[in-house]
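The values are calculated or read from the model by the stated rules, or taken from the named source; none is laboratory data. Given the structure is predicted, the values throughout are model-derived calculations rather than measurements. Positions of Cβ are backbone-derived with ideal geometry, glycine not excepted, and every protein chain shown enters the neighbour counts. Surface accessibility is based on the protein's heavy atoms, side chains included, excluding ligands, DNA and RNA. Shrake-Rupley method; radii C 1.70, N 1.55, O 1.52, S 1.80 Å.
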Amino acid sequence: MSVQPVIVGAGPAGVRAAQALVAHGLRPVVVDEAPRWGGQIYRQPPAGFTRPKEALYGFEAGRADALHSAMAGILDKVDYRPDTLVWSAEGGKLDLLHHGAMSTLPYSHLIVATGATDRVLPFPGWTLPGVYTLGAAQVALKFQGCSIGSRVVFAGTGPLLYLIAYQYAKAGATVAAVLDTAGFAGKLAAVPAMLRQPALLAKGLYYLGWLRAHGIVVHQGVELVRAEGGDRVQAMHWRKAGREHQIACDGVGFGYALRSETQLADLLGCRFSYDGLQRGALPERDAVGRSSVAGVYLAGDGAGIMGADAAEWAGERTALALLADTGHRIDLLRAAWLERQLARTAAFRQGLERAFPFPVQWAANAPDELVVCRCEEITAGELRRCVADTGAREMNRLKALTRVGMGRCQGRTCGVAAAEILAHACSMQPDAVGRLRGQSPIKPLPFSATAAPALLQEAA
């Protein structure tokens, strides 16, 4: 059997998967939407950027350097395609867009390592200039070498909240405050579970301690009320213990941990099921990364949020599963070690979710005038009225009736919030209202790319 493996994504999972395949004599194609490998967590700056890795990645500088070096060491043994978007998939082929030109890429086996994006729960004022997601704030710092403001508030919850606040402060930016919707009691209760990964727990405690030691105010157990401003955000309001507070700022980075990028897995026909821990539907996979579709494997945060270290282990273990399925001999001891590491991380994740819980009261507290879908300008009140007037009880029905999730983001930004509003409005649990189905194109395409084939056909 001719084996032509393709890997989508060149973050921690994709790079380690490629490395394992190369070590067994295969030449995978690695398709990367970014201009350089590393993924979001280890995103590389542009050529000529002079800040050292210790400043860019902090404690993770060593892991970042190891991952960057690993890919650099196999570049001549892989078909690496940066700046390339996978926008659709069908019939054993991927549809690609590279610098405005479309093409197709066949595969015999496919490893989907698409990573994650911010989980967004909006608040009044979140569409003001100067308000960014946490991930966007991190991209600005790592890839563009700039801050999202001269005085920045970081808000929401999750480990990324403290990491990015630390990275900004370490880089010399003024961090006005960190506003965490999770309370201290939950973090304390989560310590026993998080002790399964003591090094990661220690890093988190260090970030918090460092911020406080450097005079950065950290408020826990808050509710985000609104951002206010004119041409740009000027202040952030929050509530704690029944009292409202505000702080001046010209930049806000916010998010509620991460959500998996699952659209490609959806187009590939992978079976999904609801994951209560991560409060969303995820593509199903076995312990070593096989999906419900033969020849399609899932690795890293795109199949469930586990973090960068686990993504590296998952990428390698998934590649070993592909190799075993295609008749290659693999190191079973190494495979077993990887599985043990992933199992320990899964237990650690239980603790993280307890320490940084999803704010389940968000939908009940969201005002009717709150814009949920900024692409189509759909408010929480419009969604609620649709439920009341039509009896809609499923996300795709709500989408058809209101256009929520039909814009450029394809529901990436608004999908979580819309599902929470729908579930609350019809007194159902989020797992009962379904999920937005993936649509082609996965991400927006330029008109020039979509028009070119038609023009060529007309000319012929």
Suppose every Lys and Arg Cβ carries +1 and every Asp and Glu Cβ carries -1, with no other charges. What dipole size does the chain come out with about its Cα centre, to the nearest 20 debye? 800
For the chain, compute the number of Lys pairs whose alpha carbons are separated by less than 27 Å, excluding pairs fewer than 8 positions apart on the same chain. 15
The long-range amide H neighbours of VAL252, using H built 1.01 Å from N in the peptide plane and a cut-off of under 5 Å, are VAL131, TYR132, VAL153
Here the percent of antiparallel bridges among DSSP beta bridges lying wholly in the chain, to the nearest 5, is 55
Per the chain, cysteines lacking a partner by the 4.7 Å Cβ criterion: CYS146, CYS249, CYS270, CYS375, CYS386, CYS409, CYS426
When all protein chains stay in place, what accessible area (Å², nearest 10, 1.4 Å probe) is found for LEU370? 10
Highest mean first, how do 336-349, 103-116 rank when packing is the count of other Cβ atoms within 10 Å averaged over residues? 103-116, 336-349
Could you list which residues have their amide H under 5 Å from that of LEU258, counting only those 5 or more apart in sequence or on another chain, with H placed in the peptide plane? ARG119
Cα Rg, Dmax (largest Cα-Cα span) when computed across the range 239-380, Å: 19.7, 64
With a 1.4 Å probe and all protein chains left in place, how much of the accessible area of the chain comes from carbon and sulfur atoms, in whole percent? 53
Have a look at the chain and give its Rg and Dmax from the Cα atoms, expressed in angstrom. 22.0, 70
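Calculate, for the range 352-455, the solvent-accessible area per residue in square angstrom, rolling a 1.4 angstrom probe over the heavy atoms of the protein chains.
Each residue of the range 352-455 exposes 49 Å² on average to a 1.4 Å probe.
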Phi-derived 3J(HN,Hα) across the range 306-314 with the Karplus relation (6.51, -1.76, 1.60, θ = phi - 60°), rounded Hz, x for Gly and Pro, is 10, x, 5, 4, 5, 4, 4, 5, 5
For the range 91-96, 3J(HN,Hα) per residue [Karplus equation, 6.51 cos²θ - 1.76 cosθ + 1.60, θ = phi - 60°, Hz, x = Gly/Pro]: x, x, 9, 9, 9, 10
In a Debye calculation with equal point scatterers on the alpha-carbon sites of the range 149-222 and no solvent, what is log10 I(q)/I(0) at q = 0.24, 0.25 Å⁻¹? -1.14, -1.21
For ALA388, net neighbour charge (Lys/Arg +1, Asp/Glu -1) across residues whose Cβ lies under 13 Å away: 0
Taking the Cα atoms of the range 200-242, report the difference between the largest and smallest coordinate on each principal axis, in whole Å and largest first. 40, 26, 19
Charge dipole of the chain about the Cα centre (unit charges at C-beta), most positive-ward option of GLY307, GLN197, PRO357: GLN197
Interchain or sequence-distant (5+) residues whose placed amide H lies within less than 5 Å of the amide H of THR84 are ASP32, GLU33, ALA34
